[in-house]
């Protein structure tokens with residue numbers, strides 16, 4: 001920043017914005033190329049396979065999943081031209097299938113005992129991913145061009161203040177840039193009051209004009225923007241030394257302390273996970289609001305596709321989902337925060353030794369399932385913990401799933 005107080009606060013965020021947009025464009029470009037190459041490769045593979053249907057003979061439970069369980073199914077494959085018949089062929093499926101169910105599939109040849117199911121859907125998802133990535137890349141390029149032009153144009157006419165103007169002026173004569181000699185607001189002494197609003201927390205009146213400070217999305221944007229009579233006038237990287245910042249109102253501090261205490265009280269560790277499982281055993285399942293009450297959560301239920309999320313999630317959890325089957329919650333899914341580790345040893349100490357289950361795919365996480373049964377209750381609860389690597393006692397879980405099941 002130079003001594004003018006005008007050029008510095010604008011040049012730094014412009015460079016930061018350029019870096020941010022450049023990294024975003026590069027990431028979207030790499031993502032677009034990946035989806036396009038992956039879609040072309042998958043289409044080429046499917047063209048070499050024989051398409052047909054599999055008549056299911058039986059399915060066996062394989063492993064728990066975040067949204068649905070995975071089953072290993074067998075059946076008779078018949079090609080569309082009826083020239084190739086293979087039995088048995090196996091395939092994995094998200095959910096159980098009744099005997100006699102016909103599923104579209106493909107095989108590489110007469111010696112292939114594993115069928116590929118959902119190939120067309122897989123290609124469609126890759127094509128959609130490629131289209132969305134390319135569209136996002138184009139949108140960011142156009143948006144970045146407009147933003148950079150706007151920031152450059154906003155600097156036109158901004159000049160250094162008159163060196164004879166005292167830096168400690170007590171009044172703003174013309175806060176809006178109207179021509180040469182206009183001082184920066186950051187160089188003016190201003191006493192601010194607190195509004196109680198998180199986005200527009202400070203206001204003041206100077207020179208007969210109303211000033212407001214907006215807090216931006218830092219570091220993608222500048223930290224503060226000064227608004228004069230409803231017009232955005234100046235961007236600032238830091239709180240100017242000549243400004244007097246007010247104290248935060250007592251009721252806002254009390255509200256913040258209350259929210260923090262609630263989050264700390266409900267921080268999810270292995271013991272809290274056991275408490276959740278025990279409550280699900282005693283009370284069973286129901287709609288999302290009922291389950292949130294049973295678990296003792298303070299967040300709000302936000303409906304979404306296939307269920308709902310709890311916002312904000314409890315401490316130690318990045319995302320908490322309530323997945324619905326029918327009208328009731330089927331299972332609770334929690335993505336854990338790496339900075340608050342929940343190790344296999346912690347889980348074993350709370351639930352006892354768990355059962356290691358096979359992975360669905362080579363890149364799938366490693367699952368360990370614990371079962372909690374509370375005498376005299378109508379439900380048991382399966383708690384599945386997933387690990388990024390083959391778990392040892394000190395391995396942290398990356399996600400957990402709680403699934404209440406009626407006791408037969």
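FYI, it's all coordinate maths here, none of it is from the lab. The model shown is predicted, which means the values in this text are computed figures rather than measured ones. For neighbour counting, all protein chains shown are included, and Cβ atoms are generated from backbone atoms with ideal geometry for every residue, glycine included.
Structure above, values below:
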item: Exposure proxy order (Cβ contacts within 10 Å, fewest to most) of 125, 342, 272; result: 125, 272, 342
item: Proxy reagent accessibility, fewest Cβ within 10 Å first, across 34, 366; result: 34, 366
item: Ranked 36, 190, criterion: other C-beta atoms within 10 Å, fewest first; result: 36, 190
item: Fully extended contour minus Cα-Cα distance, from residue 335 to residue 85, at 0.36 nm per residue; result: 85.7 nm
item: Computed FRET value (nearest 0.05) for residue 389 with residue 302, which takes r as the C-beta separation and R₀ as 35 Å; result: 0.60
item: Rough spin-label spacing in nm, given labels placed 7 Å along Cα→Cβ, for residue 25 and residue 209; result: 3.5 nm
item: Value of Rg/Rh across the stretch 50-107 [Cα atoms, Kirkwood radius]; result: 1.02
item: Residue 114 paired with residue 289, simple spin-label distance in nm, labels 7 Å along Cα-to-beta-carbon; result: 4.7 nm
